[in-house]
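See structure below.
The values are calculated or read from the model by the stated rules, or taken from the named source; none is laboratory data. Quick caveat, the model's predicted, so the values are computed rather than measured. Positions of Cβ are backbone-derived with ideal geometry, glycine not excepted, and every protein chain shown enters the neighbour counts.
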Amino acid sequence: MQIHRNLAAFAALNGALAVLIGAFAAHGAGPQVKSLLTTGSHYQMVHAVVALVCAIWPGRERLVVLAGWLASAGGLVFCLALSAIALLSLTAMGAIAPIGGVLMIAAWLLLLIAALRSQSTPA
């Protein structure tokens with residue numbers, strides 16, 4: 001099995017960051033910021049896992065690798081934007097969070113296209 005090492009490493013880094021932010025949300029954040037941090041870390045973790053799956057996807061299709069990068073980057077942008085709002089009161093980052101959301105949606109749509117285009121294998 002071939003692994004896209006750079007994508008896998010970026011996904012792993014995102015996963016670690018998601019755990020750090022989630023742990024802070026659970027154990028150190030005040031009630032007014034806990035929800036934003038929890039939401040951000042949740043989306044970041046889910047999309048880190050998606051990126052990791054893309055990194056080990058058989059065949060290394062370009063669409064799948066691109067989907068992995070978009071998922072990982074989108075999760076990171078979304079989480080960091082929510083964290084900046086929560087921790088630094090940078091409400092202007094509310095305009096950045098949707099960029100992460102669009103990247104995550106694009107990743108899922110690319111995976112849909114890749115799945116529909118892939119050759120089916122016998123069971």
Selection within the range 60-97 - more than 16 Å from Gln44 (Cβ to Cβ) and not aliphatic (A, V, I, L, M): Arg60, Glu61, Arg62, Ser89, Thr91, Gly94
Residues of the range 85-123 that turn out to be modelled with pLDDT under 95, outside any helix (DSSP H, G or I) and surrounded by 14 or more Cβ atoms within 10 Å (Cβ to Cβ), as a count: 1
Test: residue in the range 20-27 that is in a helix (DSSP H, G or I) and touching a His at 6+ places or on another chain (Cβ under 9 Å): yes
Which numbered condition Ser72 fails, given (1) hydroxyl-bearing (Ser, Thr, Tyr); (2) closer than 20 Å to Leu109 by Cβ; (3) out of contact with any helix residue (DSSP H, G or I) (no Cβ under 6 Å at 6 or more places or on another chain): (3)
